[in-house]
Structures are given as C-alpha cells and as structure tokens.
1. Under unit Cβ charges (Lys, Arg +1; Asp, Glu -1), what dipole magnitude, rounded to 20 debye, does the chain have relative to its Cα centre?
2. Between Thr52 and Asp325, what is the spin-label point distance in nm, taking each point 7 Å from the Cα along the Cα→C-beta axis?
3. Roughly how many whole Å is it from the C-alpha centroid of the range 104-158 to that of the range 318-359?
4. Looking only at the chain, where both bridge partners belong to it, what percent of the DSSP beta bridges are antiparallel (to the nearest 5)?
5. For the chain, what is the calculated [θ] at 222 nm in deg cm²/dmol (nearest 500), taking -39500 (n - 2.57) for each run of four or more DSSP H residues and dividing by its residue count?
6. What ranking do Val161, Val291, Val350 get, fewest neighbouring Cβ atoms within 10 angstrom at the top?
7. Just rank His72, His33, His65, fewest to most, by other beta-carbon atoms within 10 angstrom.
8. Which residue, Ala149, Ala159, Ile208, has the largest displacement toward the positive end of the dipole of the range 144-225 when charges sit on each Cβ (Lys, Arg +1; Asp, Glu -1)?
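No lab work stands behind these numbers, since they all come straight from the coordinates. Keep in mind that what you see is a predicted model, and the values were worked out from it rather than measured. Every residue, glycine among them, receives a Cβ derived from its backbone with ideal geometry; neighbour counts consider all protein chains shown.
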Amino acid sequence: MTGAPAELHWRPGDDPGGRRFVHLVTEGGDGLHLEAGERLPEVTVAYESWGTLDAAGSNAVLVLHALTGDSHAAGPAGPGHPTPGWWDELIGPGRPLDTDRFLVVVPNVLGGCQGTTGPSSPAPDGRPWGSRFPRITIRDQVSAEALLADHLGIDRWAAVVGGSMGGMRVLEWCVGHPHRVARAAVLAVGAAATAEQVALCSVQCRAIRLDPAFAGGDYYGSGAAPVDGMALARGIGQISYRTEAEFGERFGRSPQDDEDPLAGGRFAVESYLGYQGTKLAGRFDPNSYVVLSEAMNSHDVGRGRGGVAAALSRVTADVQVAGIDSDRLYPLALQDELAELLPGGRPLTVIRSRFGHDGFLLESEQVGVVVARALDA
C-alpha cells in the first residue's frame, strides 16, 4: 500500500450525498480568529440534518462526532457516503433522537475531511491548505459550530450530544456558551486530555509524519499519500479503543488463516489491526487525522478559566454524563470527576460493555437510554 493515493475522503466536486454546505461569515467578515492566534479567512461547514425546526426554533439537537466520524450519523452507505450512519440506530422517528420531535443537526468538524474546511480544502490561493493549515483547538471547532447555529437561526440548542472528541465539544459548548445549551449528554470523555491520551495521539501523529509520502503535509496532487503511516496510526489507536479481554476472546494467539507466525506469518490480531488501518486510510485524510488529534490534545475546559472546577461551575445546562466500564482510554474516573463537578448533581451512568471506548458507538441500546434521558430531562 506504500505511497498509494488516498482518494476516498470527500473533496469538492464529489457527490455531496446528504450534505449541505454553509459558507460562514463572522461578525466583521474578517474570518474565524483561532485560539492559537492565527485565523481562517473563510470557513465552510458541511452538515446533515433530520427532522424539522419548530416555529419557536426550540427543538434543535446538535450531535457531535468523534475523531474519524463525519456528518453522516444516520442512513445507509451510498453516493457521497462510503459508510453507514455511525449512530443510525439512535436517529429517526421513534428512536432516542426522535426526528418526529426534534431537528437533529450533525456537522462535520472544523479540520475534518468530509466537506468542512480542513487541510485538504482549498486555501484562498486555490491550492489545498496542506502544511499551511493553522493549529486549531476544540474551542475553535465549537466557534465554527456556533456560527453554523447562527446561520440556521438556532439561538439555543434543546440538547447537545456527543462522545469522545464529540464529548469534548459538548463540554466546550456547555462551558463557553452556557446560554445556548438547555440539556446535554457527554459520553466517554473527561474535562481535559490526560498525559496518556496526549502520548497516544502524539505517537499516532508521528507515525503519519514519518511516512515518506507525507511530504511535510503537502502531498496533495502528488499521486501519493502517507497511507502506511495512517494505517499504523489507526492500529495504535484501535488498541486503545478496545480491550485486552475482547482481543483475547476474539483472537487469542490464533494465526491468521493458515499463516505461521514463526515463519513470518501474522497472528489474527495483527491482521485485524492491519485491516482497520487500511480501511480508514481509504476514507480519511492523514492531515486531518493529525490536525484533529492535536486538537484533542488541546482539550482542557479549565484553560484560561481558573481551572476545571471553576469552568464546570459555569454550566447551566442539565447534563447527563456516561462512561464505559471497560474504557481504558477514557476511564470511568474521568467521568466521575465530571459528574461530581457539574452543577445539578446528576449521577454518572455506567455503560457495561466488552468493547472499551468504542462502546459509545456500539452499545446502541444503553447509549440510547442515556440520550433519551438527556432529552427528556
């Protein structure tokens, strides 16, 4: 796979599928000023939505995706969407995110590669941003989402919901824009990135940057992309997303098919990690993986706000916090801290799962209960 072009992430001119696009204009029209001091002169956000906004504009729910997700949270794979909706079982008539009651809005994150401005997007000079794309933070991503809400005429979300990187943005919404969030559900995340989480993201970024095809981030149009580095990064991440127990049950020490590990063959778990890496490398831009991973490393709701406790004390939304009992990447102690520090005293909901961190995507029934409870709080 070395040097193979990565062409399956969405690019302008591709089939939009269910996406709609909004060119966001800031007050004063001088672009989006970023927390690290730079600015993006132009920002486009791709989003999908289901349901109808009521006359009062009071029934909109914002759903925020994780690192390699996108706006396609519901619906089948098809033109413009290489994978089915990542929360398909939760969104629709009669489901926890009931589209007969709510307008459900799912944007692609700033820095992503599925229609929202990111490293593969055209810069003002018409060439892809590439290495020139500025450093962004979780707060910058929420600033772009707030502009989207303004464009859609939504002054206050009935709820904001998300897990993992999406949960980081839910917390930033609740802390940074408390008057715009009535209720929220935060899953599988903490108030700030831990040293271990930063370490894991950092080595994944390094794997991508060390791929010779990375070309300093300016590989667009070269006919090659750092897909080997991307696949390795995803393999590292996949180990942290799942559990030792699941790997033991699924793979043990079994070889892959009739391969012999002592003769240079693979163990089954090696084949699984290789498959997961190759699959992601075919649909996701490596530059976006780096940009978003580094944004996750910036996550700290207490930065510049007097610390985590002071920041969370600002929250006025009714927040449901849920964690996964087997999550080794975002362990329950992080959600315990959130539940303790958030006003309102709502207890932590524990999701039982053998799948580790990925349980927020895979345990649809339990997650659906958390989301429904948040919407009806």
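1. In debye, rounded to 20, the chain gives about 480.
2. The modelled label-to-label distance comes out at 4.3 nm.
3. Taking the Cα centre of each part, the range 104-158 and the range 318-359 sit 28 Å apart.
4. If I count the DSSP bridges inside the chain, around 40 percent turn out antiparallel.
5. -9500 deg cm²/dmol
6. In increasing order of surrounding Cβ atoms, one gets Val350, Val291, Val161.
7. His33, His65, His72
8. Checked the options; the winner is Ala159.
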